[in-house]
Amino acid sequence: MDHDNAFGELIQEYIAESLPLAEAVTDAFLALERRWRDGDTDAADAAGLKGTLHTLKGNSAMMGLAPIQLVAHVLEDLTARILADTAARTEAAAALLVEGSGLLADLVQAAANPAALGGAAEEYAGRVRVHLGTAGDPVGQPLRLERRNIERRADAGADASGTIRVDFRRLDTMLEIFGEAMIERSALLEVYRGLTARYGSGPEIADLERAVSALGATMKRLETALMQTRLLPIATVFGRFGRAVRDLARDERKRVRLVTEGDDTRLDKTILDRLGEPLVHLLSNAIVHGVEPEAERVRVGKPPEATVLLRAATLADQVQITVADDGRGLDTDRIVAKARALGLDAPSADREAIHALIFVPGFSTAEQVSTVAGRGVGLDAAAAAIHALGGGIEVASEPGRGTSFTLTLPLTLAIVRSLIVEVDEERYAVPLSHVAETVRLEPGTLHEINSRGVAMWRGSAIHVADGGQLLGTGATRTAPRNYYVVLFAGPRRRGLLVDRLVGHQDVVVKGLDPTLGRPDVVSGATILGDGRVACILDAAGIVALREVA
Amino acid sequence: MSHATPRPGTFLVVDDSALHHQMYRLIFSKGPLAGSTVYHAMNGREGYALLAAHPELTLVLLDLNMPEMNGLELLSRRQAEGLHPHVPVVLVTTESTPEDEARGRGAGAWDYLRKPFQPADVERLIARLQAERAPAA
């Protein structure tokens, strides 16, 4: 008697219809959470969401997808509560709604493989019931069905993927504790060195050395394992765009197909959370400016329906995301003309350099506000957001063939591979993702032009700023600095004069007290192996600074 | 618990969910209802036009919540215009209050079908309708 699966063959139709609903609910709860945080606890639009959740619950029930039904059910209860009771509009409730709707979308997406749906639904539902104070209430059918599904899975000997959901802040706490353990390990290492210096070698010292070095290796493994727990599939971000692309294309009266690849590429949640906005900018740009009107496409022999590709791939310890369209490509003549009109230096021959102009602040927004009513598509904003994540953005374009933006992002922001430098006896961490090269300063290679330091680096002149002045160390310089570090962000370069290169180190990033100021040049702080506190330099910010003495 | 077996017929499904149309397609292509003729409408407006064109319908399965003329609006308009009053209509709802049901019956709904449903629920409903409408022996 297996009536739940009467519609089993419709699973793809179910996913196609339910996923946009679940994603719309997620977006709405995210917006609601933001509004509540800003003090506006209106919940009027949640009434519509309750209906959507009800539909999702019903559809999932008809498909026999009990875990999804359960999540929709408790979300509906929670929504009913916040609608009925203004006092229930708390941060905790908003967080549960956001989490649950995200889970709902994940489960819908995985619905074709019901064995994987598993315990996350029940675990989440349990927490919602505790939150609502209905922990003892039977939820009836969904729970029974769930239990039966679990039994069936066990019968089939299927691998029950033991997944639990953990509050992300707990992972942050673990990472902080890990950072402290790294510092303590360094202290231990110092003690070991001290003992060796004092008593020379001996069997106990050799044992200690082995223990310290084994601890180091284990810590490295712990770091890797910890990082793995923070990575989520990029599908959670890509999944949001289907609807937005469709709507925008409709507004533009264009036919656009969004193709995603590499949805299971994994990235740190903190990066994923901040990736949505720049990607929306790039996708809007592709649809509004890249894709030609249908008639024009037909005239030049292209398929009337345009394709916009969103692709993610892991390359070593970086993730590359491509947003590509098969539209008309960038118009270099117009870019040059506009750059000149804006008073920018416009190269006339180098196509790549011309393309790079579109990321200059103010360049892309100015015109688009007038051409597309009210829709400022800020490529500069997208580029700034990517740089702030420690990433890079590049554009490639073929006239008539299309435009493709390539973003390169670190896997995580929590641990940053850094070059440790010393300036006026202070140590600083420079993210290696922004270091092009370190150069020993030979006498006579640094020139002063218009009272700014300039050096020739790989055949072109770059500005070189003094680390002490930039960072405000306040020290009076007596001797020239020994090195400069070439920083880059996108196409820009800038040298930074330092006294000493200390070495490479993975540093655990800690937030910076906002009262400390100098936000342009410092992005965070860390504790070095020797226990010293060091600032992490905001390389993208330094490179972007307009005037540095 | 056994129920009478329904016979194939001509059905109109009015629903804005593509998934539900596929579900009905399965129900009407397998089991005792296989061989039925099914017309599909994605909103009330289309549904009304199809109802007008097919007086021979055995039954209309009408979703309550739809954009562009919901189920109740369709029923009210049919009543006002006296369009094929002999064709029974079942309102399909997810959650209906007794008040909703009263309004639906007042507007001429023969019965309700509650989501989530399974094929057997639809089969049972149609068997009951056919038994009720059969000429008295």
In this structure, does B:MET23 turn out to be buried (at least 21 other Cβ atoms within 10 Å of the Cβ), under 24 Å from A:SER60 (Cβ atoms) and of a type outside the set (S, T, N, Q)? yes
The condition from (1) within 15 Å of A:ARG311 (Cβ to Cβ); (2) buried (at least 18 other Cβ atoms within 10 Å of the Cβ); (3) at pLDDT 85 or above that A:PHE241 misses is numbered (3)
Based on this model, can you work out whether B:GLU99 counts as surrounded by fewer than 16 Cβ atoms within 10 Å (Cβ to Cβ) and closer than 23 Å to B:ARG133 by Cβ? no
Options A:LEU267, A:LEU310: the member that is modelled with pLDDT of 90 or more and closer than 24 Å to A:ALA235 by Cβ: A:LEU310
In segment B:34-50, how many are in contact with a Phe, Trp or Tyr (Cβ under 9 Å, 6 or more places away or on another chain) and of a type outside the set (Gly, Ala, Ser)? 5
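Residue-wise test of (1) of a type in the set (Phe, Trp, Tyr); (2) within 11 Å of chain A (Cβ to nearest Cβ).
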| site | (1), (2) |
| --- | --- |
| B:PRO8 | no, no |
| B:LEU12 | no, no |
| B:SER17 | no, yes |
| B:ARG25 | no, yes |
| B:TYR39 | yes, no |
| B:MET42 | no, no |
| B:LEU50 | no, no |
| B:LEU59 | no, no |
Just one of A:ALA111, A:ALA16 is within 14 Å of another protein chain (Cβ to nearest Cβ), in a loop (DSSP other than H, G, I, E, B) and under 27 Å from the mean Cα position of the chain (by Cα); which is it? A:ALA111
Being within 14 Å of chain B (Cβ to nearest Cβ), of a type in the set (A, V, I, L, M, F, W, C) and in a helix (DSSP H, G or I) is true for just one of A:ALA24, A:ALA94, A:ALA47. Which residue is that? A:ALA47
Residues that are of a type in the set (Gly, Ala, Ser) and at pLDDT below 90: does segment B:88-102 have at least one? yes
Residues of segment B:81-117 that turn out to be of a type in the set (D, E, K, R), within 14 Å of chain A (Cβ to nearest Cβ) and either closer than 27 Å to A:PHE7 by Cα or within 12 Å of the chain's Cα centre (by Cα) (or both), as a count: 3
Restricted to segment A:27-42 and to residues being under 16 Å from A:SER101 (Cα atoms) and touching a residue at least 12 places away in the same chain (Cβ under 8 Å), the residue farthest from the other protein chains (Cβ to nearest Cβ) is A:GLU33
Within segment A:71-91, the count of residues that are among the small types (Gly, Ala, Ser) and more than 14 Å from chain B (Cβ to nearest Cβ) comes to 3
Looking at A:THR41 and the list (1) over 20 Å from A:ALA120 (Cα atoms); (2) assigned to a helix (DSSP H, G or I); (3) modelled with pLDDT under 90, which single condition is not satisfied? (2)
Sort through B:ALA4, B:ALA41, B:ALA34 and tell me the only one that's modelled with pLDDT under 90 and either more than 20 Å from B:LEU72 (Cβ to Cβ) or crowded, with 22+ Cβ neighbours inside 10 Å (or both). B:ALA4
For a quick check of your reading of the model, give me the residue pairs whose first member lies in segment A:59-70 and is more than 11 Å from every other protein chain (Cβ to nearest Cβ) and closer than 14 Å to B:LYS115 by Cβ, whose second is of a type in the set (Asp, Glu) and surrounded by fewer than 24 Cβ atoms within 10 Å (Cβ to Cβ), with beta-carbon atoms closer than 6 Å and at least 6 apart or on different chains. none
Out of the residues in segment A:257-267 that are closer than 30 Å to A:PRO410 by Cβ and in a strand (DSSP E or B), which is nearest to the chain's Cα centre (by Cα)? A:LEU267
Determine the pairs where a residue that is part of a loop (DSSP other than H, G, I, E, B), located within segment A:302-322, has a partner that is β-branched (Val, Ile, Thr) and at pLDDT below 90 with Cβ atoms under 9 Å apart, the partner being 6 or more residues away or on another chain. A:ASP317/A:THR412
Going by what's in this entry, would A:GLU33 be described as under 29 Å from the mean Cα position of the chain (by Cα), part of a helix (DSSP H, G or I) and surrounded by fewer than 24 Cβ atoms within 10 Å (Cβ to Cβ)? yes
Filter result (surrounded by 13 or more Cβ atoms within 10 Å (Cβ to Cβ) and more than 38 Å from the chain's Cα centre (by Cα)) within segment A:447-479: A:ARG477
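The values are calculated or read from the model by the stated rules, or taken from the named source; none is laboratory data. As the structure is a computational prediction, the values presented were derived from the model and not from experiment. Every residue, glycine as well, gets a Cβ built from its backbone with ideal geometry; the counts of neighbours run over all protein chains shown.
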